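Below: the structure, in C-alpha cells.
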Amino acid sequence: MLEIQNLHASVLDIENSEILKGVDLKVNKGEVHAIMGPNGSGKSTLANVLMGRPDYEITDGDILVDGESIAELRPDQRAHLGLFLAFQYPAEIPGVRPWQFLKAAHDAKAEARGEEKMSVRNFTKLFDEKVEAVGINPDLVKRSLNEGFSGGEKKRNEMLQLEVLQPSMAILDETDSGLDVDALRIVAEGVNSMRSPERSFIVVTHYQRLLNYITPDIVHILVDGKIVQTGGPELALVVEKDGYREYLPAAGATG
C-alpha cells in the first residue's frame with residue numbers, strides 16, 4: 001500500500017518554488033488511481049517525487065510504502081521495493097540495448113531482495129516473450145535504448161519494462177502524451193493485462209481519453225499542488241465535458 005501524507009515539495013535549491021502543497025492520497029493494493037489536472041498543477045512533480053527524483057526536495061509530509069517511510073530512499077532503493085515510473089518523455093541511452101538494460105535492472109532487483117539472478121538463457125526467453133506480447137518490432141530492440149524510436153515505440157518499450165520487471169506499484173506519468181489511437185490502445189492493453197490484486201497503478205494524465213481504455217477505480221483532480229476533488233470514473237467524464245475551471249478557486253489557483 002502507498003500512502004502520501006500532507007506532501008509538500010519544491011524544486012531543489014530554489015526559493016519559493018513549492019509545487020506540491022499538501023497532497024494526501026492512499027492507494028491500496030490492486031487499485032488503479034487516475035490523477036488529472038490542468039498544465040502546471042503538479043501532476044508530473046508528484047510522480048517524480050514519489051520515485052525520488054533528486055531535482056526535488058520534500059519540505060513537509062511523508063511517503064509510506066506498507067507503513068514504512070521511503071522519503072529518504074534513493075530511486076533505485078524505491079525501485080527495489082516495487083515502485084516503477086513510466087516517464088512522460090523516455091530518454092535515449094546510446095550504447096545500451098533494451099535487453100542489456102532490463103537484464104541489469106532485473107539482476108539488481110534480485111540482488112536487493114536476496115534472490116537468485118536469472119540465467120542469460122532464461123532471461124532471453126522471458127525478454128523475447130514480452131517483446132512479442134507488447135507488440136514491439138523485434139528489430140527495434142536491437143538498437144540502443146529508445147534511440148530512433150517514435151513516441152509510440154518509446155511508450156511500448158516502457159510497457160516492455162513494466163512486463164519484465166513486474167513492479168507492485170506502477171506510476172505512469174502522462175504515458176498517453178503524443179500517442180496515436182493504436183499506440184494508446186497497446187499501452188492500455190499492457191496496463192490492463194497486468195492489473196492484479198497485488199499490483200497498483202497511478203495513472204497521471206491531462207486528458208480523459210486514456211481512461212477510455214484504462215478504467216480507474218478512483219479519479220483525483222490535482223490543482224495548484226493539492227487534490228481538490230476525488231470521485232469515481234465518472235469524474236473524468238465531467239472534466240472532459242466541463243474542463244477544470246470550477247476547481248481552480250478551490251485550490252486558490254488563478255490559471
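Here are the numbers for the structure shown:
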item	result
V65 vs. criteria modelled with pLDDT of 95 or more and more than 20 Å from L165 (Cα to Cα)	no
Exclusive hit being assigned to a loop (DSSP other than H, G, I, E, B), closer than 23 Å to H106 by Cβ and not aliphatic (A, V, I, L, M), set P167, P216	P167
Matching option when the condition is in a helix (DSSP H, G or I), of a type in the set (G, A, S) and farther than 17 Å from L7 by Cα, among A47, A79, A91, A34	A79
Residue list for the range 170-213, restricted to those being within 17 Å of L235 (Cβ to Cβ), among the aliphatic types (A, V, I, L, M) and in a helix (DSSP H, G or I)	L210, L211
Residue selected from the range 94-131 under the condition assigned to a helix (DSSP H, G or I) and of a type in the set (V, I, T), by the criterion surrounded by the most Cβ atoms within 10 Å (Cβ to Cβ)	V131
Flag if V134 is touching a helix residue (DSSP H, G or I) at 6+ places or on another chain (Cβ under 6 Å), at pLDDT below 90, closer than 19 Å to R199 by Cβ and surrounded by 15 or more Cβ atoms within 10 Å (Cβ to Cβ)	yes
The range 61-76 - residue that is without any contact (Cβ under 8 Å) to a residue 60 or more places away in the chain and part of a strand (DSSP E or B) and, of those, nearest to E18 (Cα to Cα)	G61
Selected residue [surrounded by 22 or more Cβ atoms within 10 Å (Cβ to Cβ), over 13 Å from the mean Cα position of the chain (by Cα) and not hydroxyl-bearing (S, T, Y)] from L210, L172, L165	L210
Any hit, the range 147-161, residues being in a helix (DSSP H, G or I), under 29 Å from F123 (Cβ atoms) and hydrophobic (A, V, I, L, M, F, W, C)	yes
Identity of the residue in the range 175-198, acidic (D, E) and under 16 Å from the mean Cα position of the chain (by Cα), that ends up modelled with the lowest pLDDT	D176
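The values are calculated or read from the model by the stated rules, or taken from the named source; none is laboratory data. The shown structure was predicted, so the numbers you read here are calculated from the model rather than taken from an experiment. As a convention, Cβ positions derive from the backbone with ideal geometry for all residues, glycine included, and neighbour counts pool all protein chains shown.
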